[in-house]
Amino acid sequence: MDQHVPEETAIEHQLQVMDVYIVDVLAHIEALLRHTHSMQRVLLRLRSEAPPPRRSTPPLVVTALREHASALQRESGLLQQIVQDLQEGVSALERTDVTSGIQKFS
């Protein structure tokens, strides 16, 4: 029984994996935007609640901001890993013949 996988199948699989990476990148960017927007809303609420400015920030506000900042850090770390995987996928494609005959798209 032949254990050899046709090169076209391997290339197609690599392209599908890269498609998944792109979707993951978009999902994490969306999460980063969502958390940033949430932080902005908390800050806007804090500003509008405090004429004149309070001497201290309410603990619940600080907690909410800290949670959103932690989520941003977590999502950006995951995004960094996905982008690294994507770069490795591009390098793997570069080592195959899939790029020959394809017009440059940059």
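What to note about this one:
- Flag for Ser91 being of a type outside the set (A, V, I, L, M, F, W, C), farther than 19 Å from Gln16 by Cα and modelled with pLDDT under 90: no
- Looking only at the stretch 57-68, and only at residues there that are closer than 16 Å to Leu44 by Cβ and part of a helix (DSSP H, G or I), the one that is nearest to the chain's Cα centre (by Cα): His68
- Test for Arg54: is it at pLDDT 90 or above and of a type in the set (Lys, Arg): no
The values are calculated or read from the model by the stated rules, or taken from the named source; none is laboratory data. Predicted model, so just to flag it, every value in this text is computed and none were measured. Glycine gets a Cβ as well: all are built from the backbone with ideal geometry, and neighbour counts include every protein chain shown.
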